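FYI, it's all coordinate maths here, none of it is from the lab. In this text the structure is predicted, and so the values were computed from the model without any measurement. Here the Cβ positions follow ideal geometry from the backbone for every residue, glycine too, while neighbour counts run over all protein chains shown.
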């Protein structure tokens with residue numbers, strides 16, 4: 001395994017594994033509350049953080065984390081207070097974040113939009129020592145929240161109204177979900193890139209759902225898919241010299257297609273087993289009682 | 001009954017948008033009582049219940065739960081809530097047991113489930129006759145079975161007060177009987193119940209008192225009115241969409 005001989009590849013693979021775990025772990029709650037595209041929006045906002053990092057010569061990962069967390073909090077506030085014009089406010093936030101990033105990076109000494117591309121689509125060779133430290137710390141926070149509070153986050157994402165009546169701190173948990181998603185975007189930024197991070201949050205969950213009936217199994221399989229495609233995509237990108245983000249996302253979509261194809265006969269077999277286990281009284285087909293015809297008694 | 005009130009509303013007003021939905025409602029439910037809140041669509045009965053649990057902001061009046069003003073009430077494990085059934089399940093598969101478990105969270109510390117909590121979830125499923133479906137996905141259930149799961153979720157915390165919003169709407173006959181039996185069991189154990197209903201139906205023998213709302217006002221508070229004439233026939237539909245606005249009847253299907 002010559003791939004492990006290079007320090008930059010060791011860092012890249014470690015980052016990829018952490019992205020493979022954290023992105024689906026947060027994504028499952030976003031999918032459950034039908035906010036699958038929220039990660040995409042946060043990714044746009046994070047660009048301003050990257051631009052600020054360049055301008056101030058601070059770590060782009062930490063700056064992206066800071067700005068996307070602020071953006072996510074703002075998004076939650078918009079969701080609470082702006083009921084009718086919420087989507088417009090969110091659109092302004094997303095595109096403002098993107099435009100801000102482009103503007104700031106051009107203002108930075110020696111900066112140009114060219115610098116952005118490694119953040120937009122991911123780049124393995126640029127994962128630095130300090131990036132890895134930041135990614136590890138941020139990923140630890142994400143795993144702690146998504147696994148430690150899974151019962152609470154499940155309840156809030158499944159039925160917000162009921163969760164409030166059980167006394168759960170619904171607003172706090174919503175805010176925590178948004179902040180955790182924002183942190184995940186910063187974790188994934190180096191490997192899959194800001195524009196593709198949302199795919200790794202959503203598609204593994206959608207792929208896992210093809211096989212599962214429970215939330216717990218969906219969570220486990222989605223993370224397993226995430227880690228597999230992240231490692232597979234990183235290795236492929238090393239050997240074939242292709243962009244890692246795009247490779248990982250295409251692999252994920254491939255996994256979705258394969259699992260969907262596998263799931264159809266599986267579901268059919270499961271339905272047959274269920275029917276055999278509980279013989280119902282319902283006849284399988286509509287039958288017209290003897291002595292009557294279809295549509296009898298109907299006429300002008 | 002002179003026992004302490006479990007739910008108490010005094011002069012409660014609420015608006016949706018700028019339209020007044022509740023125009024000063026008084027409603028008291030005492031310990032051990034089963035009270036039905038009746039009224040037509042748009043009479044404010046759902047809003048009243050959602051006001052009690054804090055889902056709808058009230059613009060005036062006082063709401064108390066177990067003698068505590070609602071905004072200071074924290075003991076939510078004592079309240080079991082069954083929302084009006086929606087078909088919108090989550091975007092991720094979940095089993096019956098997973099959904100019912102979220103009803104137990106109020107009794108756990110930091111969401112850690114002990115043996116007693118898992119036992120309570122099993123018991124709640126048993127009460128609604130869904131124990132054998134615990135590992136099935138909720139997406140695979142019929143409307144009536146789904147409703148039974150939502151009731152099991154409310155029962156999982158062993159609440160003293162059950163609040164149900166249209167528990168019988170769109171529920172098949174077999175499930176209606178199971179629900180009536182479940183409710184009878186809860187009442188015999190001393191539970192207090194507030195139900196929003198479109199009509200009394202199979203729950204009629206359980207109900208101690210009926211409160212009828214019309215246009216956001218209480219127009220009847222007393223023994224459950226008896227259904228007469230064709231209103232008493234099972235399956236009678238009480239929606240009168242063509243009634244002129246001015247001469248609107250009290251669309252409960254009940255003569256009072």
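With a cut-off of 14 Å on the backbone N, no residue of the stretch A:176-192 is near the modelled label site 7 Å out from residue A:140 along Cα-Cβ. Judged by the ratio a/c of the largest to the smallest principal axis of the C-alpha gyration tensor, the protein assembly as shown counts as prolate, that ratio being 1.5 or greater while a/b is larger than b/c. Peptides A:187-193, A:30-36, A:267-273, A:133-139 ranked from most to least packed give A:187-193, A:30-36, A:133-139, A:267-273, packing being the mean of other C-beta atoms within 10 angstrom over each peptide's residues. Legend: ranking of residues A:151, B:115, B:45 from fewest to most surrounding C-beta atoms inside 10 Å; resulting order B:115, A:151, B:45. The calculated 222 nm mean residue ellipticity attributable to helices in chain A amounts to -25500 deg cm²/dmol, summing -39500 (n - 2.57) over DSSP H runs of n ≥ 4 and dividing by all residues. With both labels modelled 7 Å from their Cα along Cα-to-Cβ, the residue B:189 to residue B:140 distance reads 2.7 nm.
Hull volume per residue, based on the alpha-carbon atoms of the stretch B:5-232 and their convex hull, is 132 Å³. Both the radius of gyration and Dmax for the stretch A:2-195 are 17.0, 56 Å, in that order, over alpha-carbon atoms. Placing R0 at 35 angstrom, the Cβ-Cβ distance between residue A:7 and residue A:112 gives a FRET efficiency of 0.80 after rounding to 0.05.
Here residue B:4 and residue A:261 are evaluated by their C-beta separation; at R0 = 60 Å the FRET efficiency comes out at 0.45. The angle between the Cα long axis of helix B:115-127 and the main principal axis of chain B comes to about 50°, on a 0 to 90 degree scale. Classify the stretch B:37-95 as rounded, prolate or oblate from the Cα gyration tensor: take a ≥ b ≥ c as the square roots of its eigenvalues, call it rounded if a/c is under 1.5, otherwise prolate when a/b beats b/c and oblate if not. The shape class here is oblate. Can you work out the FRET efficiency for the pair residue B:41 and residue A:73, with r the C-beta to C-beta distance and R0 = 41 Å, to the nearest 0.05? Rounded to the nearest 0.05, the efficiency is 0.60. Build a GNM of chain A with springs between Cα atoms under 10 Å apart, and of A:266, A:37, A:14 the one that fluctuates most is A:266.
Available extension along the chain between residue B:19 and residue B:208 is 64.8 nm, counting 0.36 nm per residue and deducting the alpha carbon span. Between the Cα long axis of helix A:7-32 and the first principal axis of chain A there is an angle of about 40°, rounded to the nearest 10. Placing dummy labels 7 Å off each Cα toward the beta-carbon, the span from residue B:114 to residue A:59 is 4.1 nm.
Inter-label distance, residue A:231 to residue A:91: 4.3 nm, where each label sits 7 Å from its Cα along the C-beta direction.
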